[in-house]
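K.L.:
Sharing a structure below in structure tokens format, with a few things to ask.
Derivation of every value follows stated rules applied to the coordinates shown; laboratory data play no part. Predicted model only: the values in this text are computed from it and were never measured. No Cβ is skipped: glycine too gets one built from the backbone with ideal geometry, and neighbour counts run over all protein chains shown.
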Amino acid sequence: MLAILRNRTYRHLFAAQVIALTGTGLMTVALALLAYELAGENAGAVLGTALAIKMVAYVAVAPVVGGLAVRLNRRMFLVVLDIVRASVALALPFVDSVWQIYLLVALLQAASAGFTPTFQATIPDILTDEGDYTRALSLSRLAYDLENLLSPLLAAALIGLVGFHWLFGGTVIGFLVSAALVLSVNLPKPAADGSAEPVSDRMSRGIRIYLATPRLRGLLALNLSVAAAGAMVLVNTVVLVKGRLGLTDTDMAVALAAFGAGSMLAALALPRLLERANDRMVMIPAAAIMAVLLFGFAVVVETATPPELWVALLVVWALLGFGYATTQVPVGRLLRRSAHANDRPAVYAAQFASSHLCWLVTYPLAGWLGEAAGMTVTLICLGALAGAGAFIAARQWPVHDPEILVHDHQDLPPEHPHLAGATMRHAHPYRVDDLHAHWPTPSR
């Protein structure tokens, strides 16, 4: 897996990702504690609202960036967004009211909504070999998992020394170092398609490709499962650990680290597993398991003593982390197989927006329902959403899902590029764009 780090460009981008993620991880812990400091027992609702605002920014901004990404200088665009994120994070320690949290989160995440899909769409242009790209996806997931594991532990250590407000300083440093690393390499230019397509059409192009592709419709349902499990962990860990169990800030960080540890184990195991099983066989069962875990933990919350609940929380959070990563790691492979190079930024942006639309539903649900109805009802509702996502994915994603699709061109206009020197029927990678809307959707 580490052999791909010999590629200098990818190595610098991966380092930028790791450092920025570390800073973001510190901010996640600090933001939860800041919400608890300002709102007390209502911290879950405050955090749920703040994260819902984050999702609104993602859903609104990502498709716009996806439509414009082909015409942007990727390197300078990523650097500017890192600087914007650092500037906003610098203001967070001075927040003294809830509305300020909401405003700064909106600004910060609008910048992240531009950064993340552009960054993700750049990697397959750097690592063109399928095996290298698969290893890069696992390494990227491992970076997220190490952040989930180590950032809370680092936060726990720093909280004891300097207090949680100083954790935002680590976020600022992370974004600035990330900007410097991106600036140190030359990134490939987006593939030009020579199209005079209006920007407004290009902005919607990724969504059109996404909804026209059966495997990606299945992925959309799996996004709901991931969001349901992730929202429970990210929103209500602080409520369970500090409110329900009366434990410390450090214990809250340890609980988040358990989730990260499970996710990291999955990231390490998946490259070998994906050599033996296809993406569908791995992702859908993992989503179903997350639903079962949420239902099971609902029973534990009702019946366990505080010591038993603490142990169960750590175990369930670790297992949820394993299922979360198993559902997430292969996503990039699906997107790469489902779009031509010049469409990748738009498709990655569509995945970014559609997945965060699911988080937009589950974040406030986890926070507001937890406050109004309690943890048991919240776990049951989120478990039902996770189960529904797995069921819908199994229905939408064809069991037989070939990458190469034989199709007819007889209905395409003469100027279509596939007709230049081509026969009217041939094999073609199963990637669907708006021009291919003439094709019938492959049957299940």
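K.L.:
Could you run the Karplus curve 6.51 cos²θ - 1.76 cosθ + 1.60 with θ = phi - 60° over the stretch 12-17 and give me ³J(HN,Hα) per residue in whole Hz, x for Gly and Pro?
P.N.:
Those phi angles translate into 5, 5, 5, 4, 4, 4 Hz.
K.L.:
If you don't mind, another one. Report D for the stretch 233-374 in µm² per second (integer): Stokes-Einstein, Kirkwood Rh on Cα pairs, 10 °C, 1.306 mPa s.
P.N.:
Rounded, D is 95 µm²/s.
K.L.:
Would you calculate the separation in nanometres between label points at E308 and R395, each defined as 7 Å from the Cα along the Cα-to-beta-carbon direction?
P.N.:
So the two model labels end up 3.7 nm from each other.
K.L.:
What FRET efficiency comes out for I83 versus L5 if R0 is 22 angstrom and r is the Cβ-Cβ distance? Round to the nearest 0.05.
P.N.:
Calculated transfer efficiency: 0.30.
K.L.:
Report the gain in length on full extension from D129 to R244: 0.36 nm times residue separation, minus Cα-Cα distance, nm rounded to one decimal.
P.N.:
Result: 36.5 nm gained on full extension.
K.L.:
Take E37 and L72, extend 7 Å from each Cα along the Cα→Cβ direction, and tell me the distance between the two endpoints in nm.
P.N.:
Spacing of the two 7 Å Cα→Cβ label points: 3.3 nm.
K.L.:
In whole Hz, with x marking every Gly and Pro, tabulate ³J(HN,Hα) for the stretch 221-230 from phi via Karplus 6.51 cos²θ - 1.76 cosθ + 1.60, θ = phi - 60°.
P.N.:
Taking θ as phi minus 60°, the curve returns 5, 5, 4, 5, 4, 4, 5, 5, 5, x Hz for the stretch 221-230.
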